[in-house]
1. Taking segment 63-100, which residues are touching a residue at least 60 places away in the same chain (Cβ under 8 Å), within 15 Å of ILE39 (Cα to Cα) and aliphatic (A, V, I, L, M)?
2. Check LEU65, LEU82 and return the single one that is closer than 13 Å to THR21 by Cβ and either over 14 Å from the mean Cα position of the chain (by Cα) or open to solvent by less than 60 Å² (accessible area, probe 1.4 Å) (or both).
3. When segment 2-32 is examined, which residues are found to be open to solvent by 60 Å² or more (accessible area, probe 1.4 Å) and on the phi > 0 side of the Ramachandran plot?
4. Looking at segment 85-106, which of the residues that are part of a loop (DSSP other than H, G, I, E, B) and open to solvent by less than 50 Å² (accessible area, probe 1.4 Å) is nearest to LEU11 (Cα to Cα)?
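The values are calculated or read from the model by the stated rules, or taken from the named source; none is laboratory data. Given the structure is predicted, the values throughout are model-derived calculations rather than measurements. Virtual Cβ from ideal backbone geometry, glycine too; neighbours counted across all protein chains shown. Heavy atoms of the whole protein, side chains included, go into the accessibility calculation; ligands, DNA and RNA do not. Shrake-Rupley method; radii C 1.70, N 1.55, O 1.52, S 1.80 Å.
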Amino acid sequence: QVQLQESGPGLVKPSQTLSLTCTVSGGSITTGSYAWGWIRQPPGKGLEWMGAIGSDGITLYSPPLKSRTSISRDTSKNQFSLQLSSVTPEDTAVYYCYREAGLGYGGYDYWGQGTQVTVSS
């Protein structure tokens, strides 16, 4: 089965860049028609889709976050990463990586357990 696990710092200072990595096992991030992406959940709020990268390397981002968001991958490690620049306390959230059936398709079939990231000085 496919397993995803987030990793990265749990505390980021305002104006810095939030960087997280998702390690995938049980499936390749370069095969099939799947997309691999990031969703976050601020405290007391709903899930917010951030963006994803397809198995072909094409990326898609949420328009409100596009200017600050970059999703990349390391195919040799079967990992993909999230960088969110110029963070503020409003970026405090639990961040999840996931797999979906295709880029922009929705329907998230596998999720990581999530990792808490707090933006604070």
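1. Residues satisfying the conditions are LEU82, LEU84.
2. Selected residue: LEU82, the only one of LEU65, LEU82 that is closer than 13 Å to THR21 by Cβ and either over 14 Å from the mean Cα position of the chain (by Cα) or open to solvent by less than 60 Å² (accessible area, probe 1.4 Å) (or both).
3. If the condition is that a residue be open to solvent by 60 Å² or more (accessible area, probe 1.4 Å) and on the phi > 0 side of the Ramachandran plot, then SER15, GLY26 are the ones that fit.
4. Of the residues in segment 85-106, the ones part of a loop (DSSP other than H, G, I, E, B) are 85-88, 92, 101-106.
Still in the list and also open to solvent by less than 50 Å² (accessible area, probe 1.4 Å): 85, 87, 92, 101-102, 106.
On the way: SER85: 14, VAL87: 11, THR92: 9, ALA101: 31, GLY102: 31, GLY106: 29 Å.
Filtering first and then ranking leaves THR92.
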